[in-house]
1. Quick check on the exposure proxy: order 28, 102 from fewest to most C-beta atoms within 10 angstrom.
2. What is the distance in Å between the Cα centres of segment 10-47 and segment 103-158?
3. Ordered by residue, what ³J(HN,Hα) values in Hz, to whole numbers, does segment 81-91 give under the Karplus form 6.51 cos²θ - 1.76 cosθ + 1.60, where θ = phi - 60° and Gly and Pro are x?
4. Determine the gain in length on full extension of the stretch residue 165-residue 118; use 0.36 nm per residue of separation and subtract their C-alpha separation, reporting nm with one decimal.
5. Which of 27, 69 comes first, and how do the rest follow, when ranked by fewest Cβ neighbours within 10 Å?
6. State log₁₀ I(q)/I(0) for the chain at q = 0.09, 0.12, 0.15, 0.17 Å⁻¹ as given by the Debye formula over alpha-carbon point scatterers of equal weight, solvent excluded.
7. Could you list 130, 17, 85 in order of exposure, starting from the residue whose Cβ has the fewest other Cβ atoms within 10 Å?
8. Modelled label-to-label distance, residue 154 and residue 135, 7 Å Cα→beta-carbon offset: nm?
Amino acid sequence: MSNAIKHFRKICTHKYWVAKYCFKMGLYYQGIMHDMSKLSLVEFKESLKYYQGTSSPIDACKKEKGFSLAWQHHKGRNPHHYEYWTDNYDKGTTAIKMPFKYACEMLADYIAAGKAYMGEGFSWTAELEWWINKLATNPKMHPDTKEFINFCLTNLASGSISEKHLFNKHFLKGVYETTKGKEIK
């Protein structure tokens, strides 16, 4: 099977999982439109070149070249990425608290990537380990957004909150509103 078909299938698997979780949270439009830019020429072409099936082709490109044009395109068009919500680069970068709906979509995106790339090997514990490793890199993410994702993944991994309970939009909104900073509306 060609990389084009394999990559398209991986995109569809990822979109399926994002849609599933977004729909649980009442975010239907986001669930349907999630990551449509992956089908653009700049993103799809680079992803074909670096496709390996076990992790993001963008990460493979960055490892080889130090940057990714596909990522530059993607993060600028998809507000569910925390990098979209940064500014003031010349003075060290300011992280802005994400709007609730995009923070929820980012949560769905992270889980969907885990499910798409790990397949049957996916577990909430492994997802939490991935998150802890990500935090160790000190991402330029607003502290309240980090706290929200951390709460969700920690409680899913520990089993203290069920998937059904956590992905209730009203419950998540309450969690999100308990964070300190103000979100952009």
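Throughout, read-outs are computed from the coordinates displayed, never taken from laboratory work. Predicted, not measured: the structure shown is a model, and the values here were computed from it. Here Cβ is always computed from backbone atoms with ideal geometry, including for glycine, and neighbour counts include all displayed protein chains.
1. 28, 102
2. 17
3. 9, 4, 5, 4, 9, 10, 7, 6, 4, 5, 10
4. Numbers: separation 47, 0.36 × 47 = 16.92 nm, distance 2.38 nm.
Extending this stretch completely gives an extra 14.5 nm.
5. Details: 27 22, 69 14.
By the 10 Å Cβ count, ascending, the order reads 69, 27.
6. Here the Debye-derived log intensity ratios amount to -0.32, -0.58, -0.93, -1.22.
7. On the way: 130 16, 17 20, 85 24.
Least to most surrounded, the residues fall as 130, 17, 85.
8. According to this spin-label approximation, the distance is 0.6 nm.
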